[in-house]
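A.B. asks: The structure under discussion is supplied below as structure tokens; questions concerning it will follow.
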Amino acid sequence: MKIVVICTKRRVKALVKGLKWIATITCVGMFLVLLAGTLVTNTGSELGCGHDWPLCNGKFVPSYTIPSIIEWSHRFVTGIEGILVVITLVMVIKYLKQRKDALLYAWGTLFFTVVQAIMGAMAVMWPQSSPVLALHFGISIMAFASSLLLVMIVWKINPQEQSQYTKWGEPISFKGKPIGRSYRIFVWFTTIYTYIVVYTGALVKHTDSGSAFVELYQNTFVTLIGKVGVALTHVSSASFLFIIMLIVAHFAYRSYHHIRPIRKAGIAALVLIIAQVISGGILVAAISNENWYLFAILLHTSIISAMFGVLCYLSMLVWQWREKVK
């Protein structure tokens, strides 16, 4: 009997380890889907496969043109990612069904992946407005954030320590000051506001307002209507985000340093917002150079996606480590 129990524990441990790696691969794949979508948009390859979907100009393998290859590659990566998402969900349901938070993020990843695929297909087959196209990136970043949250959960899971946590991943007991209601709400506000800033950034691209940044910084604009207005909205909202992110990081490090995950998430958020400001400057400076601009926009997208993911993780943590009502 003892041998059977030991073998069972080893099998469970191996299965959980396998889930950790498949969840990680899925998260990386979701990040690649984000970058591939950015590449499609910023190289003008949205109609590289014409108005056909899922075929590319009526073929499974497209003709050798740069736009068609870029668009087809995006679809291919998204298709593979969809399979990985389903596999991850099945494994979570089978081996972590007692963890409601893991189930929530696994289902969330599938939901946002399906929605972004549908929106991508609709954008190809029918003309879409700029606000709707910008929302496509917003859905993609939600899918990435959900997959990242799942990764953060599964890598912390230890079958021998599950009795110390609730089904939602909350520690049953811990030493030190719990997360206060004010800070918890402020973190959630910052996360939602960051999503809005991300949306305004996507709107800049889909309204072709990038060149308006030059006017904005040279102070040559005479109206806030149109492209300059879109650019100004993004710059002002991003500037305010920088300020509130400093506050989030300050309290995470100073007031809740005894909770290691929150302290580390606060530091990561601070580093990423600084990097985002720098990448934004590089992006504006590279507007007139096509090759450098593409690199800058991919860098900008990577950093903001990582920062939003960290904020979502912090939002989860401040809930799990909140004060408990007895």
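A.B. asks: In this structure, does ARG75 turn out to be closer than 17 Å to VAL124 by Cα and of a type outside the set (Gly, Ala, Ser)?
C.D. replies: Criteria met by ARG75.
A.B. asks: Take ALA265 and tell me if it is modelled with pLDDT of 90 or more, hydrophobic (A, V, I, L, M, F, W, C) and either crowded, with 16+ Cβ neighbours inside 10 Å or in contact with a Cys (Cβ under 6 Å, 6 or more places away or on another chain) (or both).
C.D. replies: Criteria met by ALA265.
A.B. asks: Residues being more than 22 Å from the chain's Cα centre (by Cα) and either surrounded by 17 or more Cβ atoms within 10 Å (Cβ to Cβ) or of a type in the set (Phe, Trp, Tyr) (or both): count how many of those fall in the stretch 236-262.
C.D. replies: 4
A.B. asks: Pull up the stretch 58-110, narrow it to residues that are crowded, with 17+ Cβ neighbours inside 10 Å and of a type in the set (Phe, Trp, Tyr), then point me to the one that is farthest from VAL33 (Cα to Cα).
C.D. replies: TYR95
A.B. asks: When you scan the stretch 39-73, how many residues do you find that are within 24 Å of VAL86 (Cβ to Cβ) and at pLDDT 80 or above?
C.D. replies: 4
A.B. asks: Picking from ILE259, ILE267, which residue would you name as being within 14 Å of MET307 (Cβ to Cβ) and out of contact with any Asp or Glu (no Cβ under 9 Å at 6 or more places or on another chain)? Give the derivation first.
C.D. replies: Working: ILE259 fails: within 14 Å of MET307 (Cβ to Cβ).
The match here is ILE267.
A.B. asks: OK, next. Within the group TRP107, TRP72, TRP53, which residue is among the aromatic types (Phe, Trp, Tyr) and part of a loop (DSSP other than H, G, I, E, B)? Outline the logic, then answer.
C.D. replies: Values: TRP107 fails: part of a loop (DSSP other than H, G, I, E, B); TRP72 fails: part of a loop (DSSP other than H, G, I, E, B).
Of the residues listed, the single one that is among the aromatic types (Phe, Trp, Tyr) and part of a loop (DSSP other than H, G, I, E, B) is TRP53.
The values are calculated or read from the model by the stated rules, or taken from the named source; none is laboratory data. Note that this is a predicted model, so its numbers are computed, not measured. Positions of Cβ are generated from backbone atoms using ideal geometry, with glycine treated the same way; all protein chains shown enter the neighbour counts.
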